Each structure stands twice: as C-alpha cells, then as structure tokens.
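Below you'll find the structure, written out as structure tokens, and then a few comments.
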C-alpha cells in the first residue's frame, strides 16, 4: 500500500484538476443570473466624438463569479496542490538515495 499511495494521491490530483476545469467551464456556459445586486448605468457609456481612444466592451471576456466558478477554481487549486506535494515528495525521496549521509 505504501508504494501505491503516491500514485493514488497523484491520480486524485489529476481527477480534481480535470473536474475543476469542467465545473468552471459548465458554470461559465450557463446563463448569468443578474439579481438585485446588478448594476445598470443610467446612461450608456459611449465615448464622445472628440475622444481618440478606442472603446472596448468588456462584456465578451468578463466572468460573473458564481458558486460554480468558485467550486471549480477551488477544485483546481486543491488538485494542483496534491500534484505538487506528490511530485515534491517523489523528487525528495529520489534525491535522498543518491548522496551519502544527510547533513
């Protein structure tokens, strides 16, 4: 079981990362729910004719963070931490075998 444990932890980390990405993508594709906290400006924000800057609408790339987004991001972070911990443990274990005595 000791030899299988790092593989199981690494596989769990991969599953959590993939699941987190899928949950985030599913939450991002669902329609946004603008409730009582939404803000609607009274006048449209259109640049004046004398402005030389280019107007870029942020509605195409903006993300409205919902519970699904936070859950997906959290799963990705936990999975990445499991993968980093397993990798660090494996690299540290291999490095310890090469040298002679430890300091």
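The values are calculated or read from the model by the stated rules, or taken from the named source; none is laboratory data. Just so it is clear, the structure is predicted and the values come from calculations on it, not from any experiment. Cβ: placed from backbone, ideal geometry, glycine included. Neighbour counts: every protein chain shown.
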Unique match (being surrounded by 14 or more Cβ atoms within 10 Å (Cβ to Cβ) and modelled with pLDDT of 65 or more) among 20, 7: 20
Flag for residue 63 being modelled with pLDDT of 90 or more and either surrounded by 10 or more Cβ atoms within 10 Å (Cβ to Cβ) or under 18 Å from the mean Cα position of the chain (by Cα) (or both): no
